[in-house]
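> Would you mind keeping the following structure in view while I ask a few things?
The values are calculated or read from the model by the stated rules, or taken from the named source; none is laboratory data. Small disclaimer: the values here were computed from a predicted structure and weren't measured. Using ideal geometry, Cβ is built from the backbone for each residue, glycine included, and neighbour counts are taken over all protein chains shown.
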Amino acid sequence: MELARAIASRQSINRVRPDPVPDGVIEEVLESAVHAPNHKITEPWLFHVFTGKGRGEFARARAETARLQAEEEGEGEEMAAGRISRERKKAFRAPVVITVVSRAGRDEVETRENYAACSAAVQNMLLTAHSLGLGAIWRTGPVAYHEHMRAFFGLEEGDGIVAYLYLGYPDMGERPRRREAVAEKTVWHRG
């Protein structure tokens, strides 16, 4: 697929078939990530790949995080049960879930630049998935930032979860894209 077309046609795909994705295809998506620009060649990314029954481990961590959040927020038992169930199911919305972690830098500036590099890595992954006929969606949400999930992934001070990337073969068609014209978002400074 031509790059310009891939960029213009890529979109978040939130419905995918349960068919497994071959490891080689997943590895191709991961390989594209490590070619993202990164300041001082810090290569700050770390990937956790959940497939098949391995998604159960991710589901349990999400469910426990939801339970803790419900407890922290004083939710009633019935509301908490619904929240826990919804979070557990999210681990199974695609046959592949890749968590992208950004490692802390030596200082605040490098940590911020590392996060930006990991965001670029995620874009590479999304474009590669699209070019390979996969559907993908980038998610995070409150669960990604909770201390329990940080502990689950062994994150250290300054590390962060950048994305939960859900991958699979699309089970939906393309939708019209809504984007404002670039002219509406551009300020030119000319000499």
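> So is Thr140 among the β-branched types (Val, Ile, Thr), surrounded by fewer than 17 Cβ atoms within 10 Å (Cβ to Cβ) and either modelled with pLDDT of 95 or more or out of contact with any Ser or Thr (no Cβ under 6 Å at 6 or more places or on another chain) (or both) or not?
yes
> Cβ-Cβ under 8 Å, sequence separation 6+ or interchain: first residue in region 4-27 and surrounded by 11 or more Cβ atoms within 10 Å (Cβ to Cβ), partner among the aromatic types (Phe, Trp, Tyr). Which pairs?
Between residues of region 4-27 that are surrounded by 11 or more Cβ atoms within 10 Å (Cβ to Cβ) and residues that are among the aromatic types (Phe, Trp, Tyr), the close pairs are Ser12/Trp138; Asn14/Tyr166; Val16/Tyr166; Val16/Tyr169; Arg17/Tyr169; Val21/Tyr169.
> Any residue in region 160-180 that's closer than 28 Å to Val101 by Cα: show its pairings with residues that are of a type in the set (Ser, Thr, Tyr) and assigned to a loop (DSSP other than H, G, I, E, B) at Cβ separation under 8 Å, as long as the two are six or more apart or on different chains.
As it stands, the answer is Ile161/Thr140; Val162/Thr140; Ala163/Thr140; Tyr164/Thr140, since those pairs meet every condition given.
> Next question, about the same structure. Based on this model, can you work out whether Glu27 counts as over 17 Å from the mean Cα position of the chain (by Cα) and either assigned to a helix (DSSP H, G or I) or over 30 Å from Gly105 (Cβ atoms) (or both)?
So Glu27 does not fit the description; no.
> Could you give every pair whose Cβ atoms fall below 7 Å, whose first residue belongs to region 33-46 and is in a loop (DSSP other than H, G, I, E, B), and whose second residue is among the charged types (D, E, K, R), counting only separations of at least 6 or pairs across chains?
Within 7 Å, the pairs are Val34/Glu43; Thr42/Glu110; Pro44/Arg103.
> Given the criteria β-branched (Val, Ile, Thr) and under 16 Å from Leu126 (Cβ atoms), does Val101 qualify?
Working: β-branched (Val, Ile, Thr): yes; under 16 Å from Leu126 (Cβ atoms): no.
When the stated conditions are applied, Val101 does not pass them.
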